[in-house]
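The values are calculated or read from the model by the stated rules, or taken from the named source; none is laboratory data. Quantities reported herein were computed from a predicted structural model and do not represent experimental measurements. In this analysis, Cβ positions are derived from the backbone assuming ideal geometry, glycine residues included, and neighbour counts consider all displayed protein chains.
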Amino acid sequence: MGEEKTEKKEQKQPKVERKSEEKKKSIMVSREMPTGRIIRIWQTDVPGNKNVYCGLTRIKGVSWAISNAVCHILGLDKAKKVETLTKEEIQKIEETLKAHKFPKFMLNRRNDFNTGVDAHLLSNALELSEELDVKRLKKIRSFRGWRHAMGQPTRGQSTKAHFRENRKRGVGVKNKKKPVATKA
């Protein structure tokens, strides 16, 4: 009788292992996504399976409006896949982004604080200018700089219920005190 139980346990164990192996395989399959070729545009990797209109927005500093303007200026089909772009077309896209031939309202750096020039910054230059602006605000001890330093929102949002990740401990419901029994 004891031998039969051990045999049954041994038979059950491989089934459990198979299920865990199947789960691992399904997880690995779901992570693999067919991206096609990856095209490098303006120091950014753009998946080749995206269309041009969507793919250009992967570049930091290029919004949907800027992407639409680039496609319109160059006469590119917005539905065309990025992997089908020729080297000349990619070069034209980079030149258009560099020359920022867009209306003034689309630019992300209008009337620059230091130079007073209208510009459109992309990728690393945009990150650097944002960082320098925040440092300047902190240095002059403006309200926005102080809020950046404290890790709080700078645009007037309510903080009672949101932005709670910086708090030391959570605010919970107080426990009710038990009524004290009086001796009679």
**Residues of the stretch 95-135 satisfying the condition of being closer than 27 Å to His72 by Cα, over 23 Å from the mean Cα position of the chain (by Cα) and among the hydroxyl-bearing types (Ser, Thr, Tyr)** = Thr96
**Request:** Within the stretch 59-71, identify whether any single residue is of a type in the set (A, V, I, L, M), touching a residue at least 40 places away in the same chain (Cβ under 8 Å), within 24 Å of Arg37 (Cα to Cα) and not in a loop (DSSP other than H, G, I, E, B), and answer yes or no.
**Result:** yes
**Fill in**
Filter the stretch 92-124 for residues that are touching a residue at least 60 places away in the same chain (Cβ under 8 Å) and not in a loop (DSSP other than H, G, I, E, B); the one that is surrounded by the most Cβ atoms within 10 Å (Cβ to Cβ) is Ser123
**Asked** Out of curiosity, is Thr84 buried (at least 17 other Cβ atoms within 10 Å of the Cβ), at pLDDT 55 or above, polar (S, T, N, Q) and within 27 Å of the chain's Cα centre (by Cα)?
**Response** no
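For (1) in a loop (DSSP other than H, G, I, E, B); (2) loosely packed, with under 10 Cβ neighbours inside 10 Å; (3) at pLDDT 90 or above, each residue gets a yes or a no:
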{"site": "His148", "(1), (2), (3)": "no, no, no"}
{"site": "Thr159", "(1), (2), (3)": "yes, no, no"}
{"site": "Arg169", "(1), (2), (3)": "yes, yes, no"}
{"site": "Lys176", "(1), (2), (3)": "yes, yes, no"}
